[in-house]
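Structure record follows, encoded as structure tokens.
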């Protein structure tokens, strides 16, 4: 559940602040710290970890999740990374196949044409 951890952290920090009789400014600090933590986790830490595990650049991970969510909603968010990983492997194999083919390295017929 994506936001359950954030909600629990925020709730427990707010309850602790209320029990200890914290000043109102402490509640603002709690919101800022949890907000910064959530932003870092969602936009830096998770893409780095997930990207390393499936072999995709972190920017590609962010793009895939956002595009999947925009195009297909929640299901798109869930399947974006597996589909992206499969496509990445497919295109790597396609590139290797092309480099081993007779087409690789040949110049086009128009490249030797006089000016």
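The numbers here are math on the coordinates, done by the rules we state, and not lab data. None of the values given here were measured: they were computed from a predicted structure. Quick reminder, even Gly has a Cβ in these numbers, built from the backbone with ideal geometry, and neighbours come from all protein chains shown.
From (1) under 25 Å from residue 78 (Cβ atoms); (2) surrounded by 12 or more Cβ atoms within 10 Å (Cβ to Cβ); (3) touching a helix residue (DSSP H, G or I) at 6+ places or on another chain (Cβ under 8 Å), pick out the condition that doesn't hold for residue 30.
The single condition residue 30 does not satisfy is (1).
I'd like to check which helices (runs of 4 or more DSSP H) are fully inside the stretch 1-75 and have at least 2 residues that are more than 23 Å from residue 87 (Cα to Cα) and in contact (Cβ under 8 Å) with a residue 12 or more places away in the chain.
Qualifying helices (runs of 4 or more DSSP H): 4-19, 24-40.
Could you grab the pairs with beta carbons closer than 6 Å, sequence gap of 6+ or different chains, first residue in the stretch 79-101 and surrounded by 11 or more Cβ atoms within 10 Å (Cβ to Cβ), second one part of a helix (DSSP H, G or I)?
Note: pairs meeting the criteria are 80/64; 80/65; 80/68; 81/64; 84/64; 85/54.
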